[in-house]
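Here's the structure we're looking at; comments come further down.
Just so it is clear, none of the values below were taken in a lab; they were calculated from the coordinates. Predicted model, so just to flag it, every value in this text is computed and none were measured. Here Cβ is always computed from backbone atoms with ideal geometry, including for glycine, and neighbour counts include all displayed protein chains.
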Amino acid sequence: MQLYKHLIICCIVLTVLQRTKCKSIDKLEEHYGQDIFELQEITVANTVENKEDDDTKKVESEKNGEDDQIPTFDNRNENAYEDHVENGQKVGNDTFIYSDGRKYVGQFKDGKFDGQGVMTWKNGDLYEGDFLDGKRTGNGTYTSANGPKYVGEFKDGFAHGKGKESWKNGDQYEGDFLDRKGTGNGTYTSANGRKYVGEFKDGFAHGKGKESWKNGDLYEGSFVDGERTGHGVYSYNNGNKYFSYFLKGSLNGFGMVKYANGDLFMGSWTNAKKDNHGRMIFGNGTIQDSA
């Protein structure tokens with residue numbers, strides 16, 4: 001609400017000041033520098049993107065759960081196992097080895113993986129935790145040999161519920177998962193010091209959130225599919241603040257810049273670049289218009 005109040009006030013001030021005679025703004029850019037008109041620093045890589053694109057990642061567990069479709073024990077020609085059988089069903093703690101190299105060691109019930117168990121894959125992946133009716137369900141840890149590690153809740157073979165996913169480079173996500181993707185509320189922390197706290201959808205920052213950097217910069221506002229889109233406030237560590245509408249990480253539309261010394265600039269931007277017209281209101285009351 002605070003952001004919208006600022007924008008409404010700016011619109012009213014602009015309407016009133018249009019009737020006021022103002023001085024030239026020819027040297028305004030020279031006085032403040034290029035960042036009064038362009039906001040290139042804000043167009044950095046987006047939070048929680050695909051991990052091949054930059055140092056942030058889409059929050060999504062590696063396995064899709066299909067490996068937990070455990071067969072009944074009537075295909076002895078394809079798989080090998082060490083078992084204890086009662087009344088034609090496996091019971092207790094036993095070992096089941098698939099022909100493709102997968103191996104399960106743990107509890108069984110009614111011929112299916114059920115209870116505590118450990119599943120390993122030929123590529124080195126490992127899951128240790130709860131099984132229910134042949135699927136990873138409950139609490140467990142999934143460690144990928146070449147990817148992230150997930151610790152948390154599972155349902156029907158997927159990361160689902162509360163959990164924490166960490167990568168070898170030090171990045172991590174902790175929060176809600178839905179069908180193996182970060183969805184709900186969570187915190188994504190990059191090894192380089194960047195941090196996002198807020199809402200997620202399908203593995204991306206989506207909704208309201210805060211993005212902060214190691215140098216002290218902060219963005220608070222709306223995100224869509226991992227990008228700053230919607231109304232938001234970007235605060236630099238030097239005290240300057242940008243109140244504006246963002247589109248795919250860049251300033252777009254009407255906004256204002258509030259400087260640490262009390263000066264105020266109002267205008268509009270397109271793809272982070274200032275449009276032709278704007279108004280500067282200095283702390284001493286002097287007003288200057290851009291061409």
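A straight chain from D225 to N192 at 0.36 nm per residue would run longer than the Cα-Cα distance by 9.7 nm. Shape class of region 85-290 from the alpha-carbon gyration tensor: prolate, with a/c at 1.5 or above and a/b greater than b/c.
Of K181/K248; K122/K195; K162/K201; K241/K273; K164/K195, which ones are farther than 26 Å apart at the Cα? Correct reply: K122/K195.
When each of L251, L126 is scored by the number of other beta-carbon atoms lying within 10 Å, the sequence from fewest to most is L126, L251.
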